[in-house]
Amino acid sequence: MPLVRIDIQEGRSPAELRLIADTVQDVMRDVFAAPQGDRYQIITEHPVGHIIVEDSGLGFERTAGVTVIQIFQQGRSTSQKQAAYGQLAKRLEAVCGIRPEDLIVSVISNKHADWSFGLGRAQFLDGDL
Amino acid sequence: MPLVRIDIQEGRSPAELRLIADTVQDVMRDVFAAPQGDRYQIITEHPVGHIIVEDSGLGFERTAGVTVIQIFQQGRSTSQKQAAYGQLAKRLEAVCGIRPEDLIVSVISNKHADWSFGLGRAQFLDGDL
Amino acid sequence: MPLVRIDIQEGRSPAELRLIADTVQDVMRDVFAAPQGDRYQIITEHPVGHIIVEDSGLGFERTAGVTVIQIFQQGRSTSQKQAAYGQLAKRLEAVCGIRPEDLIVSVISNKHADWSFGLGRAQFLDGDL
């Protein structure tokens with residue numbers, strides 16, 4: 001936790017995809033309070049035309065590099081979310097060449113009881129975490 | 001926002017998939033309060049057997065045309081949700097030939113702070129939206 | 001409802017995938033209060049490297065068998081969630097050979113108004129369920 005879904009258009013190499021995932025994880029760790037080893041990411045590549053994104057009237061030009069990041073988590077504050085959006089845009093551009101205009105991020109929240117990280121235990125409730 | 005995931009079985013042409021996405025977006029705009037350009041859709045095609053759906057005892061016959069639409073959004077009312085379900089069923093049948101018995105829709109809600117539509121900004125908080 | 005997403009690495013046969021889905025559904029029915037026929041599952045297979053999971057510092061060794069189960073539902077209690085985590089780990093190991101160390105489960109909750117199981121109706125609100 002967080003559990004992060006990265007949806008992206010086909011065309012990047014495995015190394016490029018890994019770099020995107022690593023960069024996202026760096027942001028989770030640095031500004032989203034993810035502890036060491038707290039990494040849960042699912043990358044899904046989509047054919048052209050399967051990610052359809054407009055601009056909400058904000059004037060962004062979207063390209064084939066459009067990247068949708070959905071973060072399932074519990075407990076982060078508004079300021080942590082804002083910091084994550086900012087750092088994701090900044091670092092994904094600097095490290096991976098993803099245009100900030102092509103980055104959409106959405107957070108979904110749940111609670112402590114909603115997570116099992118292994119062994120069928122609810123680690124937040126059992127005192128393991 | 002809304003961010004809409006459309007999960008569907010393989011076998012449709014790109015044009016058919018696009019028509020489904022366009023029809024879903026028309027409903028988002030007409031009865032779900034999506035402003036102009038507010039479009040965020042991810043279509044995922046699945047091999048036969050990867051979408052497994054029964055009928056909750058409601059007596060629906062499900063077919064290979066089964067379509068699962070998951071809508072991540074904030075702020076819609078119960079009546080807006082009900083209107084969206086109804087219009088999705090009606091229009092996806094009329095325009096795309098999807099049987100209303102094959103349509104499952106689920107909504108997940110978050111808050112203003114949970115969205116960044118580009119540039120690493122939280123547009124609902126920053127006053128951009 | 002529940003709507004269950006099963007994300008798993010490529011390499012299993014269709015029969016193996018079906019057995020995993022069946023086993024998950026058995027747990028939904030037996031300890032998660034899913035009525036007869038209440039089954040909504042989407043399996044997504046991912047290439048090697050597209051599911052990236054560490055251990056949250058809990059000391060788990062993750063393998064290629066890593067399995068992420070995301071459950072969208074409404075109404076279950078903490079004890080039902082804990083029972084589901086435990087039984088998923090136990091049965092997926094016994095029946096499908098998935099190591100309990102490789103199983104991550106996360107629950108996301110919504111409300112009665114957030115579900116349409118067919119025909120464009122909100123069955124929980126309309127009295128059908």
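The values are calculated or read from the model by the stated rules, or taken from the named source; none is laboratory data. All values reported here derive from a predicted model rather than from experimental measurement. As a convention, Cβ positions derive from the backbone with ideal geometry for all residues, glycine included, and neighbour counts pool all protein chains shown. The area values use the complete protein model at the heavy-atom level, side chains included, leaving out ligands, DNA and RNA. Shrake-Rupley method; radii C 1.70, N 1.55, O 1.52, S 1.80 Å.
Compute the Rg/Rh shape ratio of segment C:37-129: radius of gyration over Kirkwood radius, all on alpha-carbon atoms.
Reported Rg/Rh (Cα atoms, Kirkwood Rh): 1.04.
Hey, what do the phi angles of segment B:119-128 turn into as Karplus ³J(HN,Hα) couplings, whole Hz, using 6.51/-1.76/1.60 and θ = phi - 60°, x for Gly and Pro?
Computed from phi, the couplings for segment B:119-128 are 6, x, 9, 9, 4, 5, 8, 7, x, 6 Hz.
Any chance you could run the full-extension gain for C:H112 through C:K90? It's 0.36 nm times the residue separation minus the Cα-Cα distance, nm to one decimal.
Here the segment from C:H112 to C:K90 would lengthen by 4.9 nm.
If I build a Gaussian network model for chain A, linking alpha-carbon pairs within less than 10 angstrom, which residue out of A:Q41, A:Q80, A:Q25 has the largest mean-square fluctuation?
With Cα springs under 10 Å in chain A, the top fluctuation among A:Q41, A:Q80, A:Q25 is at A:Q80.
Using θ = phi - 60° and the Karplus relation 6.51 cos²θ - 1.76 cosθ + 1.60, list the HN-Hα couplings for segment C:35-51 in order, rounded to whole Hz, with x at every Gly or Pro.
x, 3, x, 8, 9, 9, 10, 10, 9, 10, 8, 10, x, 3, x, 8, 10
What does the average come to when, for each residue of peptide C:22-33, you count the partner chain Cβ atoms lying within 10 Å of its Cβ?
0
Kindly give the distances from A:A33 to its copy-mates, label point to label point, with each label point 7 Å from Cα along Cα→Cβ, as nm values to one decimal ordered shortest first.
Spelled out, the distances from A:A33's label point are 2.9, 2.9 nm.
Choose one answer from A:G65, A:G97, A:G37: the residue with the largest mean-square fluctuation in a GNM of chain A with alpha-carbon springs under 10 Å.
A:G37
To the nearest Å, what is the center-to-center distance of segment C:40-94 and segment A:78-97, using C-alpha atoms only?
Value for the Cα centre distance between the two parts: 28 Å.
Sort all Cα-Cα distances of the protein assembly as shown into consecutive 20 angstrom bins from zero, then give the percent of pairs in each bin up to the one containing the longest distance.
Going out from 0 Å in 20 Å bins, the protein assembly as shown shows 29, 62, 8 percent.
Rounded to the nearest whole Å², what accessible area per residue is found for segment B:65-129 with the 1.4 Å probe?
Heavy-atom accessible area per residue stands at 34 Å².
Rounded to the nearest 500, what is chain A's calculated 222 nm mean residue ellipticity when only DSSP H runs of at least 4 contribute -39500 (n - 2.57) each, over all residues?
-10000 deg cm²/dmol
Rounded to the nearest 10 Å², what accessible area does B:H112 have for a 1.4 Å probe in the complete protein model?
90 Å²
To test your reading of the geometry: what angle, between 0 and 90 degrees and rounded to tens, separates the Cα axis of helix A:14-31 from the longest principal axis of chain A?
With both axes taken from Cα atoms, the answer is about 50 degrees.
What are the distances, in nm and sorted shortest first, from the label point of C:G59 to the label points of the same position in each other copy, with each label point placed 7 Å from Cα along the Cα-to-Cβ direction?
5.6, 5.6
For segment A:18-69, what's the radius of gyration and Dmax over Cα atoms, in angstrom?
Radius of gyration, then largest Cα-Cα span, for segment A:18-69: 14.1, 39 Å.
List the distances, in nm and shortest first, from the label point of C:A94 to the matching label points in every other copy, placing each point 7 Å from Cα along the Cα-to-Cβ direction.
Label-point separations across copies, in nm and ascending: 5.2, 5.2.
Taking a temperature of 25 °C and a viscosity of 0.890 mPa s, what whole-number D in µm²/s does Stokes-Einstein yield for segment B:90-129 with Rh from Kirkwood over alpha carbon pairs?
Estimated via Stokes-Einstein, D reaches 188 µm²/s.
Angle between the Cα long axis of helix B:78-96 and the longest principal axis of chain B, 0 to 90 degrees, nearest 10?
Tilt relative to chain B: about 50 degrees.
Among the chymotrypsin sites (Phe, Trp or Tyr not before Pro) in segment C:73-129, which ones are in a DSSP loop with at most 16 other Cβ atoms within 10 Å of the Cβ? Mind listing them?
Loop-located and lightly packed - none at all.
Provide Rg over Rh for segment C:42-88; use the alpha carbon set for both Rg and the Kirkwood Rh (inverse mean inverse pair distance).
1.02
Taking H placed 1.01 Å from N in the peptide plane, check which residues at least 5 places from C:I108 or on another chain put their amide H under 5 Å from its amide H.
Excluding prolines and chain starts, which carry no amide H, the hits are C:I71, C:F72, C:Q73.
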